[in-house]
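Only one structure is covered here, and it is reproduced in the block below.
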Amino acid sequence: MQNFCAGSSVTGDGMARTIRAKILAITVVSLLFTCMVSLIYVWQIMNLSRMLFNAQRFEDLLNDILEVRRYEKNFLLYGDPKNLTESLVYLKDTRITIKTLAKDIDRVMGKGTYVKFANLLEKYSFIVDNSLKNKSITSEDAEKLRTYGKKLVDIANSLVSRKRKLIRKTFGHTAAVPFVFLGVFVIVATLMVQLVFQRLLKPLKVIEDTIERVGRGDFSPIPGEWSEEDEISRLIRAFNSMAHELQVNQEALIQSRKIAAIGTFTAGIAHELNNPLNNICLCADTLIEEYADELSPEVRELVFDIIQQAERAADIVKNLLDFSRTDRLVLSCLDLREVIQKTYRLVKNQIMLAGIRFEMDIPDDLPKVLGHFRSLQQIFLNLFLNAIQAIESHGSITVRAVEDSNEFIRVDVIDTGKGIKPEDLKHIFTPFYTTKGVGRGTGLGLSVTYSLVKKHGGHIEVESEIGRGSKFSVYLRRCKPELCENGERSVNSGSG
Amino acid sequence: METTERKTTILLLDDEPIVCKRLKPYLEKNGYEVETFTDSSKAMGRIEERDFDIVITDLKMEGIDGMTFLTRVKEKSPSTQVIVITGFATMETAKQSFQKGVFDFVAKPFKLSEIHEIVRRAEKKLRQEAASM
Ligand SMILES: Nc1ncnc2c1ncn2[C@@H]1O[C@H](COP(=O)(O)OP(=O)(O)OP(=O)(O)O)[C@@H](O)[C@H]1O
Ligand SMILES: [Mg+2]
């Protein structure tokens with residue numbers, strides 16, 4: 001499992017990156033928006049009703065002024081001052097009305113209109129007052145009265161018409177609100193669908209396809225960058241690491257199955273071969289023992305060759321059987337230094353002849369390992385032989401042991417040989433895989449080592465670089481008193 | 001040696017005829033009295049008739065297997081020295097047979113001289129045991 005942290009340390013800004021947070025944000029924003037639009041709507045309606053009411057008052061105002069002017073016309077035509085008294089009543093009414101409407105008038109007609117209107121009204125009233133006192137009017141004043149009256153009517157008229165226009169406009173605005181709302185809703189919905197599709201459905205489809213693929217045994221990860229912090233990216237990262245683990249396990253499983261299958265197969269063959277080989281050896285041996293004197297040197301050489309080759313075949317059979325043994329090893333607590341030293345002694349001459357330096361770096365206080373002496377010897381013997389064969393001229397072999405963990409001790413066998421090609425690496429533990437010439441290697445060494453290490457409950461790893469050398473790391477279980485089967489020790493070292 | 005003592009008697013049981021054919025003349029030449037069997041039930045019948053000083057037997061055989069055979073041999077005549085021939089894979093079972101009082105075992109493939117060497121050691125042990133009695 002890589003550094004995939006499920007839901008840990010979700011900080012404030014980490015939250016905003018998740019799909020959940022995004023959906024939440026969109027929902028909250030659209031709720032607020034809906035509230036706002038509704039409020040605007042209510043306010044608009046209230047506004048309208050107020051406007052309609054005001055419009056009524058404007059119309060009343062206009063009617064009052066028209067009434068005033070009617071009395072003015074009567075007075076001027078028939079000269080009856082009674083008309084002026086009537087007119088004054090209306091004028092007073094009008095004055096009160098425009099006072100209450102002052103603000104509205106300014107709003108509708110522009111600032112200063114009210115003052116202008118009031119002034120005109122004052123001047124008009126003044127003339128009407130004077131005329132009432134004098135019971136007559138000069139022609140000059142009559143002219144003025146007419147002009148002012150006309151102006152007053154004009155203003156009142158335009159007030160009414162403007163107000164109507166305003167109301168129409170406001171009506172228009174109010175009618176548009178649902179459309180604006182609809183538009184915004186469409187945008188939000190599109191965003192939501194886009195989000196769900198892009199960040200949820202599309203990746204889900206990819207995951208679905210990949211799972212199908214994994215089912216068919218293709219463990220390659222889901223392509224693309226998934227470094228974000230949202231749920232889907234985290235899911236995909238988790239999935240990828242799972243696929244990786246699966247692949248590793250699958251490969252290990254295939255490898256061990258293959259080895260097990262080849263194991264039973266070879267064991268059968270090896271058993272059958274052992275007897276005929278023994279017979280060949282015996283016959284050739286008899287030839288030498290019994291008829292040595294009668295044989296010419298050439299024939300004797302032939303017989304020796306037969307014996308030698310039969311022995312070689314027997315060695316192969318021995319290796320095959322070693323590799324395919326399925327019996328459980330009896331493990332005991334062993335001193336790794338002793339194992340390595342005894343194994344080294346077996347190949348000491350070969351190492352010296354090849355001019356190879358051998359170094360052993362095993363701490364004195366290294367805990368004991370759980371093992372079967374002869375098998376451990378076989379494991380390291382195979383590794384040493386490979387190392388010797390990999391070193392073409394002068395080099396070194398280093399054996400280093402360290403405590404890898406509470407459970408395992410790691411033994412590295414490092415050589416400065418020719419290294420292993422990357423494409424060969426995955427085959428080297430396969431039985432009969434060898435890069436050595438015919439007659440030089442059977443390709444069983446590492447597969448025997450592999451299965452023996454497995455029987456020890458450990459595992460083996462390899463690293464190699466062409467031209468620089470290889471490192472085989474054997475992980476052996478640390479000895480824990482309860483795992484040891486006591487009393488087996490002497491038997492093992494006795495036979496080893 | 002032959003004049004003062006009777007010949008050491010050996011029974012050889014191996015279901016591979018060649019093993020019997022090769023070992024019999026070889027051991028006889030080296031001064032032993034040898035009877036060979038490739039059929040374990042026949043060998044079983046023979047040991048009921050007489051005791052041998054040394055019994056050499058294969059472990060894996062058809063019919064009665066080596067282990068049963070040698071158990072019977074040891075029962076009937078505890079002083080008989082048993083040598084076991086074994087394929088490599090049966091090494092563990094060979095070890096088991098030690099507990100039954102087997103003298104030693106040889107792994108296939110072996111050489112004539114190896115067998116001779118072991119037989120000589122078994123003979124020596126026989127003599128020591130006879131002397132101490
Ligand atoms: N230390 C090493 N350096 C370089 N190549 C190696 C090393 N160890 C193993 N190999 C490669 O791995 C192959 C398989 O090794 P393995 O021990 O299984 O068989 P082998 O050595 O070829 O034959 P055998 O061990 O049966 O004599 C070798 O042929 C060699 O190519
Ligand atoms: Mg090898």
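The values are calculated or read from the model by the stated rules, or taken from the named source; none is laboratory data. Keep in mind it's a predicted model, so treat the numbers as computed, not measured. Note: ideal-geometry Cβ built from the backbone for every residue, glycine included; neighbour counts use all protein chains shown. Note: areas computed on protein heavy atoms with side chains; ligands, DNA, RNA excluded. Shrake-Rupley method; radii C 1.70, N 1.55, O 1.52, S 1.80 Å.
Brief remarks follow.
- Between the amide H of A:Ile428 and any residue lying 5 or more places away or on another chain, no distance stays under 5 Å, with hydrogens modeled in the peptide plane.
- Segment A:250-326, relative contact order in percent, only Cα pairs under 8 angstrom and at least six apart counted: 53
- Helix A:231-291 axis, angle to chain A major axis (alpha carbon atoms, nearest 10°): 10
- For residues of A:274-287, the mean tally of beta carbons on other chains within 10 Å: 6
- Each Cα pair under 8 Å and six or more residues apart adds its sequence gap; the mean of these over the residue count of segment A:340-424 is a relative contact order of 33 percent.
- Environment charge at A:Pro363 (Cβ cut-off 10 Å; Lys +1, Arg +1, Asp -1, Glu -1): -2
- Interface size B-A, as summed buried accessible area [1.4 Å probe, Å², nearest 100]: 2000
- Listed residues B:Phe110, B:Phe52, B:Phe98, most fluctuating in chain B (Gaussian network, C-alpha, under 10 Å): B:Phe110
- Per-residue SASA entry for A:Arg477, accessible area with 1.4 Å probe, Å² rounded to 10: 60
- Per-residue SASA entry for B:Arg50, accessible area with 1.4 Å probe, Å² rounded to 10: 60
- Surface composition of segment A:327-483: carbon and sulfur atoms hold 49% of the protein heavy-atom accessible area at a 1.4 Å probe.
- Reduction of at least 20 Å² in accessible surface, 1.4 Å probe, comparing all protein chains with the chain by itself, residues of segment B:1-50: B:Glu16, B:Ile18, B:Val19, B:Arg22, B:Tyr26, B:Lys29
- Taking each of A:Lys258/A:Lys454; B:Lys42/B:Lys76; A:Lys455/B:Lys100; A:Lys92/A:Lys133; B:Lys7/B:Lys95 in turn, the alpha-carbon distance tops 20 angstrom for A:Lys455/B:Lys100; B:Lys7/B:Lys95.
- Calculated FRET efficiency for the pair A:Asp335/B:Ser79, C-beta based, R₀ 41 Å, to 0.05: 0.50
- Gain on full extension, evaluated as 0.36 nm per residue between A:Asp80 and A:Val115 minus their Cα-Cα distance, stands at 9.5 nm.
- Chain A: Cα Rg divided by the 2.2 N^0.38 Å rule of thumb: 2.33
- Taking all protein chains together, A:Phe432, A:Phe358, A:Phe126, A:Phe384 sort by accessible area into A:Phe126, A:Phe432, A:Phe358, A:Phe384, largest first [probe 1.4 Å].
- Backbone HN-Hα couplings from phi across segment B:116-127 [Karplus 6.51/-1.76/1.60, Hz, Gly and Pro as x]: 4, 4, 5, 4, 4, 5, 5, 4, 4, 5, 4, 5
- In this structure the amide hydrogen of B:Ile56, modeled in the peptide plane, comes within under 5 Å of the amide hydrogens of B:Leu11, B:Leu12, B:Leu13, B:Ile83, none closer than 5 places in sequence on its chain.
- Full extension of the segment from A:Arg50 to A:Ala238, taken as 0.36 nm per residue of separation minus the current Cα-Cα distance, would add 61.3 nm.
- J(HN,Hα) series, segment A:401-412, from Karplus relation 6.51 cos²θ - 1.76 cosθ + 1.60, nearest Hz, glycine and proline x: 10, 9, 7, 7, 7, 4, 9, 10, 10, 9, 10, 9
- Put a dot 7 Å past the Cα of A:Lys426, heading toward its Cβ, do the same for A:Val206, and the two dots end up 2.4 nm apart.
- Label point distance in nm, A:Glu140-B:Asp39, each placed 7 Å from Cα along Cα→Cβ: 17.2
- The dipole here belongs to chain A: it is taken about the Cα centre, uses +1 on the Cβ of Lys and Arg and -1 on the Cβ of Asp and Glu, and is about 5120 debye.
- Solvent exposure of segment A:250-326 as accessible area per residue, Å², 1.4 Å probe: 57
- Anisotropy class of segment A:266-397 from Cα gyration tensor, a/c 1.5 cut: oblate
- Spacing of the two label points (7 Å from each Cα toward its C-beta) at A:Phe197 and A:Glu298, in nm: 9.2
- From phi via Karplus (6.51, -1.76, 1.60), per-residue ³J(HN,Hα) for segment A:192-200 in Hz, x at Gly/Pro: 4, 4, 4, 4, 4, 5, 5, 9, 10
- Computed log₁₀ I(q)/I(0) - Debye formula, equal Cα scatterers, no solvent, segment A:127-211, q 0.15, 0.18, 0.19 Å⁻¹: -0.80, -0.90, -0.93
- When only alpha carbons are used to place a centre, segment A:78-152 and segment A:197-224 end up 87 Å from one another.
- If you plug the beta carbon distance of A:Lys471 and A:Ser256 into 1/(1 + (r/R0)^6) with R0 = 25 Å, you get a FRET efficiency near 0.65.
- Distant-in-sequence amide H partners of B:Lys108 (H built 1.01 Å from N, under 5 Å): B:Thr86, B:Gly87, B:Phe88
- Zero-based 5 Å bins, Cα pair distances in segment B:9-132, whole percents: 2, 11, 24, 27, 23, 11, 2, 0
- Mean Cα-pair separation over length for chain A, i.e. relative contact order, pairs under 8 Å, 6 or more apart, %: 12
- Figure note: A:Asp364, B:Asp14 ranked by solvent-accessible area, largest first, 1.4 Å probe, ligands and nucleic acids not counted: A:Asp364, B:Asp14.
- Treating r as the C-beta distance of A:Lys150 and A:Leu24 and R0 as 60 Å, the FRET efficiency rounds to 0.35.
- Principal-axis tilt of helix A:19-78 within chain A, Cα atoms, nearest 10 degrees: 10
- Solvent-accessible area of A:Met109, all protein chains in place: 40 Å² (probe radius 1.4 Å, heavy atoms, ligands and nucleic acids excluded).
- With the Kirkwood sum run over all distinct C-alpha pairs, segment A:201-334 has a hydrodynamic radius of 20.4 Å.
- Once the GluC sites (Glu not before Pro) in DSSP loops with at most 16 neighbouring Cβ atoms within 10 Å are cut out of chain A, the longest remaining piece is A:1-224.
- Summed side-chain charge close to A:Gln194 - residues other than A:Gln194 whose Cβ falls under 14 Å, Lys, Arg +1, Asp, Glu -1: +3
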